[in-house]
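The block underneath contains the structure these notes are about, expressed in structure tokens.
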Amino acid sequence: MANTLFNLALLIIFHFCMPTFSMKLTTILTDQTALLALKDHVIHDPENVLATNWSVSTPVCNWIGVSCGSKHRRVTALNLTGLGLVGTLPPHLGNLSFLSLLSITDNSFHGRLPVQLSELRRLKVINLGNNSLSGEIPSWLGSLIELRSLSLYQNNFNDVIPISLGCLPKLEILDLHENQISGSIPSSVFNITSLQAIILTNNMLSGSIPSVPRDLLSLQHIHFTFNNLTAHIPKDMFDHLPNLIGLHLSFNLLSGRIPTSLCKCKELQILSLSANYLEGSLPVEIGNLSMLQVFYIGQNNFEGEIPDQIMNLTLLNEFDVANNNLTGAIPREIGKLKNLELLNLAVNNIVGPIPPSLFNISSLSIISLSSNQLSGHLPSNLGLLFPNLEELYLGENHFDGPFPMSIPNASQLTILDLSKNYISGSIPENLGNLRNLKKLNLAVNNLTSPGISFLSSLTNCKGLQVLAFDNNPLISGELPGLVGNLSSSLQNFYASGCSIRGSIPSEIGNLSRLITIGLANNKLTGSIPASIGGLEVLQSLSLEKNKLEGSIPSELCHLNNLAYLDLTSNNLSGPIPACLGNLLSLRNLVLASNMFSSSIPSTFTRLTDLLVLNLSTNSLRGPLPIDIGKWLSNNQFSSDIPTGVADLKDLTQFSLSNNRLTGFIPESFGDMLSLEFLDLSTNNLSGVIPKSLQKLSYLRYFNVSFNRLQGEIPKGGSFGNYSIESFKGNGALCGAPQLHLPSCKSKPLNNFKAGTKLIISVALPIASTLLVAVIIFIILRSKKRDAKLPNQEDVLPLGSCKRISYHELVEKL
């Protein structure tokens, strides 16, 4: 009996557990079903890999991207990297119970991660990088305790990093870079003793960097670049990171000093702290990081001198301390850095000559010393000292002496910038030997080149994109026609402020990729070449302060990308082409000090994004077009100021001085909140200065002198900053004592009473007379009404009163 009951109990248990067992039981067919579900969720398979290969007629373990274990013949790895697949991840993938590797990198999967993936407890590697997956990073990832590598980079994941990731005891790689993750970095991630690299670059993380509470002997790489991390770097952070190789904290909002404990990271090779708000002096202890190869601390607020101890870092390959407040001289021992390839000390306050030892570092390929206070001569053999030199930036210093004639021997040079110094002598005529040259900037020096002869050799530089030799007044001669043979890649041509004479060669129109032409402040004559109108990508044309004549060629109206046109101070004449109003890209149009005649084209009202319009000192006449303002002084404009000018909300400068304008200053000028400069002087304006102008908080210059204005000068806003020069020549203005104008005192009370008595004495007789006249008029009308009854059409409707004007009343009397 007992056995029978026992067997019955077993049968009942088996009966109820059987569904559970069958549900948990999985086979290779289960894996096949899961993978076919994935295939069904792929909507685009550009290589037809899944369409042609994933078939039930082929064993699953032979499918492309699928690997099976030798023991159980179950799917253990799914690697679909780089197939260009588009689709979503189905929940069926959670049935691949033997899966240890899931990699779908470099595809276009989108949507959220299905929660069923949390069932894959054997997973060691998850690589979902470079897709379009979205949603929050699931907290259930923290339950996959076998995980070694979690890579979700370059997706659209948002929200915060789940704290549960700190529960992955075997995690080695955590890569979440280039997502939209916000919030702070959970401190739990620094509890993972197996962690080797944490990469959170290019997110929206904020808050402070968490402290490291324990020794992380495996951690070698920390990448937190391009976030919004704040506060100080934890002082004790480096006490527990003895094997750290790379520390990347650039482009954040970190402040404070570099912790001296950093010197404990003896294995450190890369230190990147650029673009933060770090301050203080550079710790001399950095000189103990003997393995350091890359040192980036640019764009911070460091001060003091560069420590000599840094010159002990003989493995240093890149040294960038640009854009700080460093002072002192370049250390004399810098020549010890024999492996240095990049040296960037730009934008500091470093003084003195370049130490001779620097010229012994033959490995240098980039030297940037721009924007300091360095001085002295450049060695004549400079071009022979650096066989690997590709970029040389020495601009904005105090270097003097002759141009190093050996420069053309630096055959690898792509960028040469010697601008804004005091370098003299001739520009070498063999600069064209620098066949790889892309940028040449010799501006603002004392260089010479008779006949601008150096241009001829530059035609050999087929990759030249920027050519600047402006503001070298000793460069003289005519601009040769061979300028049209310069590189077809040339984008910027700056030759202003030289002594170039003659006409602008029409061949300049051959340079089809030009974006900027700067030929201002020369001695150019002749007309503007019509060929410039063929430069379809031109954005800036600067020809001011020359002796150009003739009219503006209508071909310029073809420059649909032109944003800046300055023809000031020439001898140009004729009407302003109406077609310029079609150049909707224009932001600055400056045609002042010429001999243009006729009126302003009405088409200019189309230039709604125009920031500066200066047509002053011409012979323009007629009324102002509605909605046109900006710089129009020294012409012969008449009529009132159009109120539509106030619609130019972004206007910063507005001048109508020296015209014949009448009427009032529009009250609506107070709505031009961006205005910084307003000149309405020397016109015939009348009325008061609108109090609405007090709202113009940015108005630095204000001039309404020599008009016929009257009344009180406003006191608020910026008006307290103006002197009598802004208001003189207006006889009826009054204001504060410091303006030396009559005070605007109200009339005394006794005068007010006297005025009141005068009004009463005059008004009462007039009112009495009118009252008597009204009474007589009513009596006369009443007698007539009694004598004759009115006709129906003469009767007013009930409740109506006929209105009688004052003029009608006077006529009746």
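What to note about this one:
- Matching residues in the stretch 180-201 - criterion: being of a type in the set (S, T, N, Q) and either out of contact with any His (no Cβ under 6 Å at 6 or more places or on another chain) or closer than 13 Å to Leu219 by Cβ (or both): Gln180, Ser182, Ser184, Ser187, Ser188, Asn191, Thr193, Ser194, Gln196
- Restricting the stretch 292-316 to residues that are among the polar types (S, T, N, Q) and under 36 Å from the mean Cα position of the chain (by Cα), the residue that is nearest to Gln269 (Cα to Cα) is Gln293.
- Residue that is farther than 19 Å from Glu318 by Cα and over 35 Å from the mean Cα position of the chain (by Cα), where the choices are Ser419, Ser371, Ser362, Ser426: Ser426
- Residue tally, condition at pLDDT 70 or above, of a type outside the set (Asp, Glu) and assigned to a loop (DSSP other than H, G, I, E, B), over the stretch 598-648: 16
- Qualifying residue in the stretch 292-303 (condition: at pLDDT 95 or above, under 21 Å from Phe386 (Cα atoms) and surrounded by fewer than 22 Cβ atoms within 10 Å (Cβ to Cβ)): yes
- In the set (1) surrounded by fewer than 19 Cβ atoms within 10 Å (Cβ to Cβ); (2) closer than 22 Å to Asn243 by Cβ; (3) in contact with a Lys or Arg (Cβ under 8 Å, 6 or more places away or on another chain), the condition left unmet by Glu279 is number (2).
- Residues of the stretch 371-425 satisfying the condition of being surrounded by fewer than 16 Cβ atoms within 10 Å (Cβ to Cβ), touching a helix residue (DSSP H, G or I) at 6+ places or on another chain (Cβ under 7 Å) and outside any loop (DSSP other than H, G, I, E, B): Leu384
- Residues within the stretch 128-152 that are under 28 Å from Val42 (Cβ atoms), out of contact with any Phe, Trp or Tyr (no Cβ under 9 Å at 6 or more places or on another chain) and either assigned to a loop (DSSP other than H, G, I, E, B) or not aliphatic (A, V, I, L, M) (or both), tallied: 11
- Scanning the stretch 76-97 for residues that are part of a loop (DSSP other than H, G, I, E, B) and in contact (Cβ under 8 Å) with a residue 40 or more places away in the chain gives Thr81, Gly84, Leu85, Thr88, Leu89, Pro90, Leu96, Ser97.
- Filter result (surrounded by 16 or more Cβ atoms within 10 Å (Cβ to Cβ), among the hydrophobic types (A, V, I, L, M, F, W, C) and modelled with pLDDT of 95 or more) within the stretch 213-238: Leu216, Leu219, Ile222, Phe224, Phe226, Leu229, Ile233, Phe238
- Breaking point among (1) among the hydroxyl-bearing types (Ser, Thr, Tyr); (2) modelled with pLDDT of 70 or more; (3) over 22 Å from Phe727 (Cβ atoms), for Thr662: (3)
- Scanning the stretch 242-275 for residues that are part of a strand (DSSP E or B), aliphatic (A, V, I, L, M) and within 18 Å of His232 (Cα to Cα) yields a count of 2.
- Selection from the stretch 502-541 of residues that are out of contact with any Leu (no Cβ under 9 Å at 6 or more places or on another chain) and under 17 Å from Leu567 (Cβ atoms): Asn521, Lys523, Pro529, Ser531
- Strands (runs of 3 or more DSSP E) (entirely within the stretch 153-205) containing at least 2 residues that are buried (at least 17 other Cβ atoms within 10 Å of the Cβ), among the aliphatic types (A, V, I, L, M) and in contact with a strand residue (DSSP E or B) (Cβ under 6 Å, 6 or more places away or on another chain): 173-175, 197-199
- Qualifying residues in the stretch 28-54 (those that are surrounded by 12 or more Cβ atoms within 10 Å (Cβ to Cβ) and in a loop (DSSP other than H, G, I, E, B)) - the one farthest from the chain's Cα centre (by Cα): Trp54
- Subset of the stretch 206-241 (residues that are part of a loop (DSSP other than H, G, I, E, B) and either on the phi > 0 side of the Ramachandran plot or free of Cβ contacts under 8 Å to residues at least 24 places away in the same chain (or both)): Phe226, Ala231
- Candidate set: the stretch 687-718, residues that are of a type in the set (Lys, Arg) and out of contact with any Asp or Glu (no Cβ under 6 Å at 6 or more places or on another chain); chosen: the one farthest from Ser655 (Cα to Cα): Lys715
- Taking the criterion of being under 22 Å from Asn323 (Cβ atoms), hydroxyl-bearing (Ser, Thr, Tyr) and assigned to a loop (DSSP other than H, G, I, E, B), the residues of the stretch 354-370 that qualify are Ser365, Ser370.
The values are calculated or read from the model by the stated rules, or taken from the named source; none is laboratory data. Treat the numbers as computed from the prediction; the structure is a model and nothing was measured. FYI the Cβ positions are ideal-geometry reconstructions off the backbone, even for glycines, and counts take in every protein chain you see.
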